[in-house]
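Trainee: Have a look at this one before I ask anything.
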Amino acid sequence: MIEVETQLARVLAETEQLPVERVPLAAAHGRVIAETVTARYSLPPWTNSAMDGYAVRALDVAAASPESPVTLAVVADLPAGASANPSLGPGQAARIMTGAPVPSDADAIVPVEASDGGVRRVRITSPAAPGAHIRVAGEDRTPGDPLVAAGARAGAEVLSALASAGYGTIEVARRPRVAVIATGSELVAPGEPLERGQIPDSNSLLISSLAAEHGAELIDVLRVSDETTHLEAALHELARRCDVIVLTGGVSMGAYDPVKELLSPGGQVRFEKVAMQPGKPQGFGRLAAPWVGDGEVGPLVFGLPGNPVSAWVSFLVFVRPCLRALQGASVVEDPTLSAVAEVGWRTPPGRRQYLPARIRTTDAGVSVSPAAARGSGSHLVGSLADANGYAIVGASVERVEAGDVVQVVRLMSDVDARL
Ligand code: AMP
Ligand code: MG
């Protein structure tokens, strides 16, 4: 048996960042930024008003009060987007809306609430200190200031910062081209009636959806029987078109395990026993000839165990970091949190446990319980519907007791509705 870290290190050693491409910001959403980005211009680009009101010379309104308002002549009207820079003499003001550039002669904004709202002449009822309600050009970023580091994920917040700092396009790694092949003669399409012995193929959806959530472009999602000829044909067809092929099922010691039978000889894909539960049998490698042309670099191949919970854990522990590394992400593993076990549960001796879990955040802190009410089992696919993450329990632990602190990982797609 090998350690999880050893297997993950093998995966990451084989994983090279994909070539980069320049895309419009909207197309970069969720992808990994491949360049270190600095601000192209100041943020904000212009010194502008933070309020709807009047741009004034602070000195003019220093004595204003409700009892003795100061009356100013309104010599300009500046809505957002206005480009004018009207001169203001003593006793003059410009009506101004939020975001409009502040005239160079003004040094304060009086909010409309402190005025009578006049259009030609305005009565100001309170003073404004120099700089009041003015957003200074460059107070957020100045040109050349760091904005986003290479390897960061282009979430909504990052995209808005990039757009504001002068970018319309950005370099991102190409999406990993991924195919998913579920193996098993017992598998039928979801929703089909079942004959005795058959089960719905849930892994295809599970793995392809997870891959898409992690930036993959899905090339194909297939279901093949346990005849090696079917798998062989599918692999020949896909090997030249993919960066990664994820297979599920057929990696164990049994008869009719086509993935192992087909890919084990020749050693391109190695089948290991990894000290984890679930997910002990793992196949990983890179296809070469005859799957691709002589000297060509073929796709990475993951042979994940078929039990749905095993496939899920295996994806999260090995495939997810690989997909992130292919995209140049600076962080490929998810952060763990400490959580208090709400109940006790058994763990397998000598193997690290990855338990589908419900993680709750309350005023008292983070707590965790198994997603499956009746113990863990790699076949308990229904329990995945209740999981919003997983607990990781060390190999030396034999039982988690209620109140113990364990490490947990929350899912990226975790939503409050599931808490
Ligand atoms: P295997 O790894 O092929 O020995 O499969 C182990 C268990 O997982 C068996 O009970 C299979 O029926 C089940 N299984 C395999 N592939 C899938 C799949 N695509 N969807 C749902 N269950 C599966
Ligand atoms: Mg099978």
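Trainee: Could you compute the FRET efficiency for Asp140 and Glu21, with r as their C-beta to C-beta distance and R0 at 22 Å, rounded to 0.05?
Mentor: So the FRET efficiency works out to roughly 0.15.
Trainee: Sticking with this structure for a sec: Once both labels are modelled 7 Å past Cα along the beta-carbon direction, what's the Gln198-Val343 spacing in nm?
Mentor: 3.5
Trainee: Then there's this: Counting Lys and Arg as +1 and Asp and Glu as -1, each charge on the Cβ, what is the dipole of the chain about the Cα centre in debye, to the nearest 20?
Mentor: Around 160 debye, computed over the chain.
Trainee: Let me ask something additional. Once each part is reduced to its C-alpha centroid, what is the distance from the stretch 225-297 to the stretch 1-21 in angstrom?
Mentor: Each part's Cα centre sits 16 Å from the other's.
Trainee: Identify, among Leu304, Pro281, Ala341, the residue whose Cα sits farthest towards the positive end of the charge dipole of the stretch 281-368, taking +1 on the Cβ of Lys and Arg and -1 on the Cβ of Asp and Glu, with the dipole about the Cα centre.
Mentor: Projecting each Cα onto the dipole axis, the largest value belongs to Ala341.
Trainee: A follow-up question, please. For Ala163 and Glu5, FRET efficiency with R0 = 41 Å and r from the beta-carbon atoms, rounded to 0.05?
Mentor: About 0.55, to the nearest 0.05.
Trainee: Which value, in debye to the nearest 20, gives the size of the charge dipole of the stretch 51-116 about its Cα centre, when Lys and Arg are +1 and Asp and Glu are -1 at the Cβ?
Mentor: About 160 debye.
Trainee: Still on this structure: Residue separation times 0.36 nm, minus the C-alpha to C-alpha distance between Ala402 and Ala255: what's the value?
Mentor: Extra length from Ala402 to Ala255 when fully extended: 48.8 nm.
Trainee: Lys and Arg at +1, Asp and Glu at -1: add these up for the other residues within a Cβ distance under 11 Å of Glu272 and post the number.
Mentor: +3
Trainee: Follow-up question, since we're still on this one. What's the carbon and sulfur percent of the chain's accessible surface, probe 1.4 angstrom, rounded to a whole number?
Mentor: 52
Trainee: Once the Cβ-Cβ distance between Met412 and Asp294 is put in as r, and R0 is 41 Å, what FRET efficiency do you end up with, to the nearest 0.05?
Mentor: Plugging the Cβ-Cβ distance into 1/(1 + (r/R0)^6) gives 0.55.
The values are calculated or read from the model by the stated rules, or taken from the named source; none is laboratory data. As the structure is a prediction and not an experimental result, all values here were calculated from the model. All Cβ positions, even for glycine, are placed from backbone atoms using ideal geometry, and neighbour counts span all protein chains on display. Calculation scope for accessible area: heavy atoms of the full protein, side chains included, ligands and nucleic acids excluded. Shrake-Rupley method; radii C 1.70, N 1.55, O 1.52, S 1.80 Å.
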